[in-house]
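Structure first, then comments.
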There are 2 protein chains.
Amino acid sequence: MELRQLRYFLKAKELLNFTEAAHALNISQSTLSQQIKQLEDQIRVPLFNRIGKRISLTEAGTLFAEYALQSVNRADDGLLLLEDLNNLKTGKINIGVTFALRNVLTKTLILFAQQYPKVKVCIVFGTSDELIEKLSAAELDLVLTFKEDSKDTQFRQELLFSSPLTLVAAERTGLASRRSISLEEITRLPLALPATGYSTTRFITEAFKRKGLHPDVSIEINDIPTLLAIVKTGSWHTILTKVSVVDQDLITIPIEGKKMSRSAMAIWLNDAYPKKAMLAFLKLLKAENNL
Amino acid sequence: MELRQLRYFLKAKELLNFTEAAHALNISQSTLSQQIKQLEDQIRVPLFNRIGKRISLTEAGTLFAEYALQSVNRADDGLLLLEDLNNLKTGKINIGVTFALRNVLTKTLILFAQQYPKVKVCIVFGTSDELIEKLSAAELDLVLTFKEDSKDTQFRQELLFSSPLTLVAAERTGLASRRSISLEEITRLPLALPATGYSTTRFITEAFKRKGLHPDVSIEINDIPTLLAIVKTGSWHTILTKVSVVDQDLITIPIEGKKMSRSAMAIWLNDAYPKKAMLAFLKLLKAENNL
DNA sequence: ATCTCAAATCGTTTTTACCGATGATTACGA
DNA sequence: TCGTAATCATCGGTAAAAACGATTTGAGAT
């Protein structure tokens with residue numbers, strides 16, 4: 001029993017005429033006759049009464065037609081679904097983002113949701129490590145984070161943009177006029193940093209260590225908006241990439257030194273068949289960042 | 001896209017291993033590989049990710065599997081239904097009966113309903129003409145009526161039994177002791193007969209006519225129980241086959257003469273594939289009448 | 001580097017879907 | 001009543017497709 005035979009049967013049932021049905025199916029009458037017969041042989045029940053040159057459905061044919069139709073329909077529905085999936089009229093993508101890239105994400109997310117309203121988007125915030133872990137387990141389709149050295153071939157990465165590392169301070173502090181600032185100067189300021197485990201924090205502490213400096217870190221916190229609220233008090237400063245901060249009450253002062261900037265990356269699995277929706281999101285993301 | 005391919009796909013999805021799936025399906029690994037690939041080509045979407053020697057479902061594969069499963073299941077359900085139909089665990093038969101054979105039917109009907117409780121039985125009472133008409137139109141599967149000459153080859157007929165034509169009278173009439181009665185005598189009795197169009201009435205009036213007799217018919221009625229109620233008053237008599245009457249308050253007196261009996265027949269369409277349930281009913285019917 | 005396992009690929013065989021022609025039966029019109 | 005057209009079944013041949021076994025490829029493990 002094959003879908004082909006069920007389709008033949010249903011058309012024959014509809015027209016109650018093998019010749020016409022065969023024509024409608026673009027096959028010869030003899031083929032239809034044979035296929036129907038083969039189906040009947042396989043299910044061991046006649047589907048049609050042959051009365052002379054006329055045919056009519058048997059009881060078995062009538063009852064079986066219901067099921068045949070549903071079977072064919074479900075298969076066709078499956079194709080429609082795939083069609084939709086291809087046209088981004090359905091589906092779901094899971095995106096992981098570090099807190100530092102919140103602003104970058106938000107813009108694109110809004111755009112994407114407007115453009116593909118039927119596609120469900122699920123956002124997961126977390127540390128780079130957590131996100132890469134989830135990506136490996138295929139729990140995420142796309143991760144936005146800062147570049148870290150990794151020769152893991154299972155990932156594909158694309159650069160989104162580079163953003164300088166900056167000292168973040170409240171506007172009313174005396175630093176407002178500064179064009180840049182050195183790491184040494186920063187060690188003399190009270191700092192509140194993102195929690196250990198965050199890519200940027202790791203990067204920064206590494207930079208201090210290389211210069212043998214000891215920054216005055218009095219607060220660690222794993223939520224950027226809260227961190228920024230603390231900085232706004234004027235009592236603390238923090239270090240973040242420039243794009244992480246879009247707040248009129250705060251100023252960002254680039255840190256002096258080579259390589260004092262970070263590259264935002266989009267990372268996804270190399271091997272898995274990429275979701276259309278993920279690619280569409282990525283495309284928007286790159287367009288937003290002039291790539 | 002064929003059910004075969006969907007089955008292959010589902011098994012591969014289940015085991016996530018082509019080699020094992022092929023084995024479970026009793027086909028070679030190469031065949032499974034090719035068929036899956038062919039399916040993917042046809043639906044234009046990969047169903048599996050091939051990561052090295054491992055495979056995993058793509059999003060499309062996951063979503064499509066739902067539909068594939070349902071399609072396959074509906075087809076299989078159809079087979080189960082046909083199985084049930086064959087075992088008389090479902091289905092419906094339409095039986096036409098003349099009023100005169102009500103008693104014959106009832107016994108078998110009860111038996112049948114007990115034996116095959118899942119089979120729906122639909123009983124239609126009517127005149128022979130009506131019933132044969134409906135049988136021709138395939139609205140009925142089986143008709144129980146009295147024999148009439150008809151060389152129509154579209155019908156198959158089987159004799160159930162013969163029953164003598166009898167004069168039916170109330171017990172307290174003076175006829176109780178009579179072993180038989182002639183047509184001439186009957187003309188002197190007030191008669192209530194089944195309505196014109198009934199086989200027996202046609203037969204009886206024909207018999208009177210052949211002998212040049214004029215019976216005293218004062219009532220015609222198309223319902224046998226009502227007719228019998230009228231006869232019970234003692235003011236009228238009627239003529240029916242013996243089997244039509246099973247009532248202690250009534251007596252039946254055979255009518256003298258050759259061919260003064262009627263043959264109850266089961267009639268069905270010759271060409272149509274006979275329903276299993278109909279054949280089972282017929283078998284019971286014949287068993288009940290010692291055939 | 002080598003081995004192993006699983007999937008893909010290749011070339012061949014077997015099966016079967018399909019066709020056109022033909023045959024059989026029936027319905028219909030002259 | 002006798003064609004004639006319509007319709008389904010059947011047959012033989014062909015082209016397509018499914019299936020196989022053997023081999024290759026590639027990734028992960030040793």
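Just a few scattered comments:
- Unsatisfied cross-links (Cα-Cα over 29 Å) in the set A:Lys276/B:Lys13; A:Lys134/A:Lys232; A:Lys120/B:Lys53: A:Lys134/A:Lys232; A:Lys120/B:Lys53
- The Stokes-Einstein estimate for segment B:198-262, based on a Kirkwood radius over Cα pairs and taken at 25 °C with 0.890 mPa s viscosity, is a diffusion coefficient of 190 µm²/s.
- About the centre of its Cα atoms, segment B:89-141 shows a dipole size close to 440 debye [charges on the beta carbon of Lys, Arg (+1) and Asp, Glu (-1) only; nearest 20 debye].
- Both the radius of gyration and Dmax for segment A:160-271 are 13.9, 52 Å, in that order, over alpha-carbon atoms.
- Modelled FRET efficiency - R0 45 Å, B:Leu279 with A:Glu14, Cβ distances, 0.05 increments: 0.95
- Residue among B:Ser136, A:Thr62, B:Gln42 farthest towards the positive dipole end of the protein assembly as shown, charges placed on Cβ: B:Gln42
- Size of charge dipole - segment A:3-86 - debye, nearest 20, with Cβ of Lys, Arg +1 and Asp, Glu -1, no other charges: 500
- Normalising by residue count, segment A:39-149 has a Cα convex hull of 175 Å³ per residue.
- Of all DSSP bridge pairs formed entirely within chain A, close to 60 percent run antiparallel.
- Remark: mean inter-chain Cβ contacts per residue of A:79-87 equal 4, using a 10 Å Cβ-Cβ cutoff to other protein chain atoms.
- Segment A:80-235: projected area of the alpha-carbon convex hull, averaged over directions, in nm²: 11.6
- Relative packing of peptides A:249-261, B:231-243, B:155-167 - highest average C-beta neighbours within 10 Å first: B:231-243, B:155-167, A:249-261
- Inter-copy label distances at A:His23, shortest first and taken from points set 7 Å along Cα to Cβ: 5.4 nm.
- Residues whose amide H comes within less than 5 Å of that of B:Phe155, counting only those at least five positions distant or on another chain, are B:Asn270 (H built at 1.01 Å from N in the peptide plane).
- Residues in segment A:56-94 reached by a label modelled at B:Ala138 [backbone nitrogen below 20 Å; 7 Å Cα→Cβ]: A:56-69
- Beta bridges per DSSP with both ends in segment B:163-262, % antiparallel, nearest 5: 60
- Measuring how big segment A:3-86 is from its alpha-carbon positions, Rg and Dmax come out at 13.8, 49 Å.
- 20 Å-binned pair-distance histogram of the protein assembly as shown (Cα, whole percent): 16, 26, 19, 16, 13, 8, 2
- Candidate cross-link partners of B:Lys11 among the aspartates and glutamates, defined by an alpha-carbon separation under 16 Å and a same-chain spacing of 8 or more, comprise B:Glu2, B:Glu20, B:Glu40, B:Glu66, B:Asp76.
- Label point 7 Å beyond Cα of A:Thr187 along Cβ direction - residues of segment A:194-216 with amide nitrogen under 13 Å: A:207-216
- Rounded to the nearest whole Hz, the Karplus-based 3J(HN,Hα) values (6.51 cos²θ - 1.76 cosθ + 1.60, θ = phi - 60°) of segment A:52-57 follow the sequence x, 8, 9, 10, 9, 6, with x at glycine and proline.
- Here's how it looks for B:Leu142: its modeled amide H is under 5 Å from those of B:Asn94, B:Gly96, which are all 5 or more places away or on a different chain.
- Crossing angle, helix A:276-288 versus chain A [Cα axis fit, 0-90 degrees, rounded to tens]: 30
- Per-residue 3J(HN,Hα) values for segment A:207-215, derived from phi via the Karplus relation 6.51 cos²θ - 1.76 cosθ + 1.60 with θ = phi - 60°, read 5, 4, 4, 4, 8, x, 9, 10, x Hz in sequence order (x marks Gly and Pro).
- From phi via Karplus (6.51, -1.76, 1.60), per-residue ³J(HN,Hα) for segment B:82-90 in Hz, x at Gly/Pro: 5, 4, 4, 4, 5, 9, 6, 9, 7
- The same position A:Pro190 in the other copies lies at 12.5 nm from this copy, comparing label points 7 Å beyond Cα toward the beta-carbon, shortest first.
- Computed helical MRE - 222 nm, chain B, DSSP H runs ≥ 4 contributing -39500 (n - 2.57), nearest 500: -13500 deg cm²/dmol
- Point-charge dipole on Cβ atoms (K/R +1, D/E -1) for chain A, about Cα centre, debye to 20: 600
- A viscosity of 1.567 mPa s and a temperature of 4 °C, combined with the Kirkwood radius over C-alpha pairs in the Stokes-Einstein formula, give chain A a diffusion coefficient of 55 µm²/s.
- Degrees separating the helix A:29-43 axis from the principal Cα axis of chain A, which is the longest one: 80
- Using a Gaussian network model of chain A in which every pair of alpha carbons under 10 angstrom is joined by a spring, one finds that among A:Ser71, A:Ser128, A:Ser180 the greatest mean-square fluctuation is at A:Ser71.
- Modelled spin-label separation between B:Leu111 and B:Lys37, with each label point placed 7 Å from Cα along the Cα-to-Cβ direction: 6.4 nm.
- Extended-chain gain in nm, criterion 0.36 nm per residue less alpha-carbon gap, B:Val124 and B:Gln154: 8.7 nm
- With 0.36 nm allotted per residue and the present C-alpha distance subtracted, the A:Thr205-A:Asp249 stretch has 13.2 nm of extension available.
Every number here is computed from the coordinates shown, using simple stated rules; none is lab data. These figures come from a predicted structure and were not determined experimentally. Every residue, glycine among them, receives a Cβ derived from its backbone with ideal geometry; neighbour counts consider all protein chains shown.
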